[in-house]
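Accompanying notes for the structure given below.
No lab work stands behind these numbers, since they all come straight from the coordinates. Predicted model only: the values in this text are computed from it and were never measured. Cβ atoms come from the backbone with ideal geometry, glycine included; neighbour counts cover every protein chain shown.
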Amino acid sequence: MEYPSLIKSKLPRVGTTIFTIMGELAHQNNAINLSQGFPDFESSPELINLVTEAMKKGFNQYAPMAGILPLREEIAKKVERLYGTTYHPETEVTVTAGATQAIYTAIAAIIREGDEVIIFTPAYDCYEPAIELNGGKSVFVQMHAPNYAINWEQVKKLINQRTKMIIINTPHNPTGTILKEEDMLALEKIISNTDIVLMSDEVYEHIIFDGQEHQSAAKFPKLAERAFIISSFGKTFHNTGWKMGYCIAPKNLMAEFRKTHQYIVFSANTPIQHALAAYLKNDNNYLGLNSFYQQKRDLFTSLVKDSRFEILPSLGTYFQLLRYSTITAEKDTDFAIRLTKEKGIAAIPVSVFYHHSVDEKVLRFCFAKKDETIEKAAEILRRV
């Protein structure tokens with residue numbers, strides 16, 4: 001049946017995401033799925049039991065809009081312990097239904113028609129649509145293989161009176177790079193004496209390797225005073241399907257965030273909040289994540305180092321980039337599809353993370369998997 005065209009799409013360029021496409025392709029071809037960023041192992045039994053206990057205790061109705069206070073208090077303690085900055089749990093911490101909701105909420109709370117937002121590409125795919133839906137314009141700064149460094153002089157030249165927000169992501173998805181202290185100081189210098197708001201996507205804050213330290217925006221007072229900082233319990237505690245995250249920001253920014261938050265989801269899952277509040281009291285539950293995932297990164301890279309793929313360093317996240325330019329001249333989208341269909345392993349082509357396709361013959365592989373999954377995947381890659 002044909003229907004009259006009653007609406008004009010607000011996102012005309014948006015179709016099915018590459019993650020859905022590659023996930024379905026992996027399923028159809030019974031391939032090892034290293035495309036989507038989720039673990040194939042279970043979350044902590046202790047944490048799962050805490051959720052069950054909270055349900056049995058009757059914590060099954062709406063939580064307060066900003067999140068239960070015990071969880072916000074634990075988040076504030078964690079941030080102060082790690083980064084030395086104090087956030088008031090009552091006015092500067094909000095629990096969200098995942099980091100993606102927090103990202104959308106921060107953008108919706110600030111961006112008006114005609115505002116410009118600077119994004120560094122390759123970039124996670126939820127930033128640009130959120131900006132577009134709220135009438136803003138994305139301004140893109142391209143980073144390139146192999147080191148994906150930011151050209152801060154270029155950023156400085158792009159700033160004008162319409163620039164309202166800059167979005168950073170460290171550790172960075174999809175590249176696995178991290179921002180160093182000098183990057184944060186350069187950013188701090190650029191946006192001082194402006195009214196630019198910073199959104200710092202730090203969902204992989206506890207997954208950083210080789211003795212490096214996470215440079216949270218919270219560590220830099222001149223950034224923290226203008227920043228929405230967003231993190232994810234799902235990434236930290238291996239339960240992405242729970243969709244739990246949080247945002248911290250100074251009181252004036254958080255007030256605007258909450259005005260929007262209350263009309264998007266109002267509040268997040270109640271029993272899980274109670275469980276997380278208890279689980280966060282033991283900082284070993286997240287401080288050991290670096291070594292846990294470094295072991296998996298090192299296993300994966302040690303097994304593929306003798307393959308025809310070039311390993312681009314991963315300093316954080318649970319993603320590893322492999323460049324295949326010595327194997328084939330195929331577009332990365334075509335090669336990713338062929339690998340899935342013919343070799344039985346699925347990855348994400350990095351070109352899809354750019355606004356305009358930038359094909360540097362690089363694929364992203366997720367190593368948040370059981371060791372046996374990693375070993376099977378590496379065996380396939382060695383035969384390519």
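For region 45-285, give me the percentage of DSSP beta bridges that are antiparallel, rounded to the nearest 5 percent.
30 percent
Full extension from LEU299 to ILE48: what is 0.36 nm times the residue separation minus their Cα-Cα distance, to one decimal in nm?
87.6 nm
What order, most packed first, do the peptides 356-366, 185-195, 242-252 have when packing is the mean number of other Cβ atoms within 10 Å of each residue?
242-252, 356-366, 185-195
Based solely on its DSSP helices, what 222 nm [θ] is calculated for the chain when runs of n ≥ 4 H residues each add -39,500 (n - 2.57) and the sum is averaged over all residues, nearest 500 deg cm²/dmol?
Result for the chain, helices only: -11000 deg cm²/dmol.
Of all trypsin sites (Lys or Arg not before Pro) in region 1-71, which ones are in loop regions per DSSP and have a Cβ with at most 13 other Cβ atoms within 10 Å?
Within region 1-71, the qualifying trypsin sites (Lys or Arg not before Pro) (loop, at most 13 other Cβ atoms within 10 Å) are LYS8, LYS10, ARG13, LYS57.
Tell me the GluC sites (Glu not before Pro) within region 22-61 that lie in a loop according to DSSP and have at most 12 other beta-carbon atoms within 10 Å.
Passing sites in region 22-61 are GLU42.
Mind checking which lysines have their Cα closer than 22 Å to the Cα of LYS376? Skip sequence neighbours fewer than 8 apart in that chain.
Qualifying lysines at Cα under 22 Å: LYS296, LYS305, LYS341, LYS343.
Run through region 99-175 and list the trypsin sites (Lys or Arg not before Pro) located in a DSSP loop whose Cβ has at most 13 other Cβ atoms within 10 Å.
ARG112, ARG162
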